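What follows is one structure encoded as structure tokens, with my remarks underneath.
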Amino acid sequence: MNKYLAVSGFPVSHSLSPPIFRRFFEINKNKNSYYTRLSCKTDEEIIYMMDKLKLGGINITSPFKKNIMKYLDGIQKDALKMDAINTAVYKKNELIGYNTDYLGVLNSIRGKNINLKGKKILVLGAGGAGVSAIYGLKKYNNKIIIINRTEKKAKELAKKFNVTYKKYDNFKYIIREVDILISTIPVNKFPFKLKNFPDNLIIFNAYYKTNQLENFAKSRDLRYIDGLDWLINQAVPAYRVFLNRSIDKNKIKNLNLGINRKNIGIIGFMKAGKSTVGRKLADKLGKDFVDIDRLIEKEEDASVNDIFLKKGEGYFRKLEEKIILNLKCKDCVIAYGGGIVKNPKILRKLKNFSYNIWLWVSPENVLGRKDSNKRPLLKNNKNELSDMIKNRFNEYFKTADLIINTDNKRKKDVIKQVTYEVNNLLG
Ligand SMILES: Nc1ncnc2c1ncn2[C@@H]1O[C@H](COP(=O)(O)OP(=O)(O)OP(=O)(O)O)[C@@H](O)[C@H]1O
Ligand SMILES: O=C(O)C1=C[C@@H](O)[C@@H](O)[C@H](O)C1
Ligand SMILES: [Mg+2]
């Protein structure tokens, strides 16, 4: 049976979990497992979409790691102690939560053959990543200091896990005496001067976009562990939870991260809002907008409906294929037709051509949208529509780099969410 998995958060368009998991599937020849990103604005929406997409499991990232816990039927003991989860999976119809983030920290450090015993460790940041770092490291080391801009949070954490709390402003003194700095703050520019850092400092940075701390570590030849290492090392145990199999980490070479595509593609079933949202998004980003259906209409000098009725679906699909395969744009928003997922040649092109956002809509919601009864393939019949959605589901899931739910949302809210995610991706 197919297994559908995703990482959800807000924003989540930047997440490198999909290329990591897709590589795991390749390594272990999991032909029927799929993993993508699911953008959700609330914890409630995650649960709604898990049901709609029939997800077997999910990774949870910021800001939902704590709030999602109220929906779980069971919570593994490490996750309970950290009061946060990053993985949930259905086991016999019960949704069970886990936290593999702390293993991510420990195994990244171990993978670099660094002995933790006796080392003085400074954890910067008291959010979810900070908690998991402390929780993991505490098992092997008791010289841990926590500092955070909001000092109350650092104090609480220090008390809960029995580590040392220091004032934020004292960073410049403390850093001179530590062996390992674990920065868990997601920033490009580090908030403190870097010149006081000792020569043999080991830096572990949870943030995986290129940033000032990384460049500094390289310029000073300091040992540096990056967030991608952490992400891979928390994904390995999550993979075990999802599929009950282990992964040979030595095989994770040549990871194709593949999210540097400049074109943004909008895919989705009929009436999902592809044209409306695509046009507005292009406007907001200052990119050109291409609506494939409109290009077809221009070429034939007839409406999509008329082409379908007079020349048939086969003719339409051929034209659609020719236009998409010849598309040359480099920095556009493209609204693709709802039926493209039936054509493997088009799907192959899309994989490297555009970052594809699937606007999800349920059959119930499609039927409520304006003009839905005028479409030739849409005869206002919910069962027929449900069947069509089911038949195309697998291809949509495989093609989507990001899923955004449009059910029960106003157009302007969908546009806002898509724009936010795309800015997060490109920014
Ligand atoms: N979130 C939404 N809520 C309600 N109505 C919506 C929403 N998004 C789009 N619509 C409306 O649904 C109709 C279809 O939208 P649009 O034409 O953008 O969809 P599409 O995916 O391009 O459809 P098609 O398959 O016909 O190309 C329009 O009348 C649009 O205003
Ligand atoms: O960016 C991501 O994809 C993730 C980040 C961390 O929060 C992880 O805990 C999560 O499992 C996935
Ligand atoms: Mg359209």
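Would you kindly find the accessible area of ASP248, with a 1.4 Å probe and non-protein molecules such as ligands, DNA and RNA excluded, rounding to the nearest 10 Å²?
70 Å²
For the chain, what is the per residue volume of the convex hull drawn over the alpha-carbon atoms, in cubic angstrom?
Taking the convex hull of the Cα positions in the chain, it is 153 Å³ per residue.
Round to the nearest 10 and report in Å² the accessible area of ILE96, as given by a 1.4 Å probe over the protein chains' heavy atoms.
30 Å²
Can you give me the C-alpha center-to-center distance between the stretch 81-154 and the stretch 1-56, rounded to a whole angstrom?
Each part's Cα centre sits 23 Å from the other's.
Relative to the longest principal axis of the C-alpha atoms of the chain, give the angle of the C-alpha long axis of helix 128-138, reported between 0 and 90° and rounded to the nearest 10°.
That works out to roughly 40 degrees.
May I ask for the angle, rounded to the nearest 10°, between helix 411-426 and the longest principal axis of the chain, with both axes built from Cα atoms and the value confined to 0 to 90°?
50 degrees
If r is the Cβ-Cβ distance from ARG317 to ASP288 and R0 is 35 Å, what FRET efficiency results, to the nearest 0.05?
0.90
If you take the Cα Rg of the stretch 263-426 and divide it by 2.2 N^0.38 Å, with N the number of residues, what do you get?
In units of the globular-protein estimate, the stretch 263-426 measures up at 0.98.
Rank these by accessible area, largest first, 1.4 Å probe: LYS311, LYS370.
The ordering from most to least exposed comes out as LYS370, LYS311.
Any idea how far apart LYS411 and ASP248 come out in nm if each label point goes 7 Å out from Cα toward Cβ?
5.4 nm
I need the Kirkwood Rh of the stretch 103-225: take the reciprocal of the average 1/r across all distinct C-alpha pairs and report it in angstrom.
By the Kirkwood definition, the hydrodynamic radius is 14.3 Å.
What percent do you get for the relative contact order of the chain when only Cα pairs under 8 Å and 6+ apart count? List each step's numbers first, then the result.
Details: 725 pairs, mean separation 65.1, N = 427.
The normalised contact order for the chain reaches 15 percent.
Mind ranking SER13, SER62 by accessible surface for me, highest first, 1.4 Å probe?
Descending accessible area places them as SER62, SER13.
May I ask you to derive the FRET efficiency for LYS342 and GLU94 from their Cβ-Cβ distance with R0 = 22 Å, giving the value to the nearest 0.05? Could you put the intermediate results ahead of the total?
On the way: r = 36 Å, r/R0 = 1.65.
It comes to 0.05.
What is the extension gain from LEU255 to LYS328, computed as 0.36 nm multiplied by their sequence separation minus the C-alpha to C-alpha distance, in nm to one decimal?
23.6 nm
Quick one: if you stick a label point 7 Å off each Cα along the C-beta vector at ALA302 and PHE393, how many nm between them?
Placing both labels 7 Å beyond Cα along the Cβ direction yields 3.5 nm.
When the chain is treated as a GNM, springs tying every alpha-carbon pair under 10 Å, which of ASN326, ASN86, ASN148 comes out with the largest mean-square fluctuation?
ASN326
Roughly how tilted is helix 43-52, in degrees to the nearest 10 and between 0 and 90, from the longest Cα axis of the chain?
Relative to the chain, helix 43-52 is tipped by roughly 50 degrees.
Any idea what the dipole of the chain comes to, in debye rounded to 20, about its Cα centre with Lys/Arg Cβ at +1 and Asp/Glu Cβ at -1?
Numbers: 82 positive and 43 negative charges, 178 e Å.
Here the chain has a charge dipole of around 860 debye.
For the stretch 188-315, what is the relative contact order in percent, using Cα pairs closer than 8 Å and at least 6 residues apart in sequence?
Averaging sequence separation for qualifying contacts and normalising by length gives 12 percent for the stretch 188-315.
Heavy atoms of the protein only, probe of 1.4 Å, neighbouring chains included. What is the accessible area of GLU299 in Å², nearest 10?
Its accessible surface works out to 90 Å², give or take rounding.
Rank these by accessible area, largest first, 1.4 Å probe: ASP331, ASP288, ASP43, ASP221.
Heavy-atom accessible area, descending, gives ASP221, ASP288, ASP331, ASP43.
How many nm is it between the label spots at ASN32 and ASN170, if each spot is 7 Å from the Cα in line with the beta carbon?
5.8 nm
The values are calculated or read from the model by the stated rules, or taken from the named source; none is laboratory data. Quick caveat, the model's predicted, so the values are computed rather than measured. Cβ atoms come from the backbone with ideal geometry, glycine included; neighbour counts cover every protein chain shown. With ligands, DNA and RNA removed, areas are computed over all heavy atoms of the protein, side chains included. Shrake-Rupley method; radii C 1.70, N 1.55, O 1.52, S 1.80 Å.
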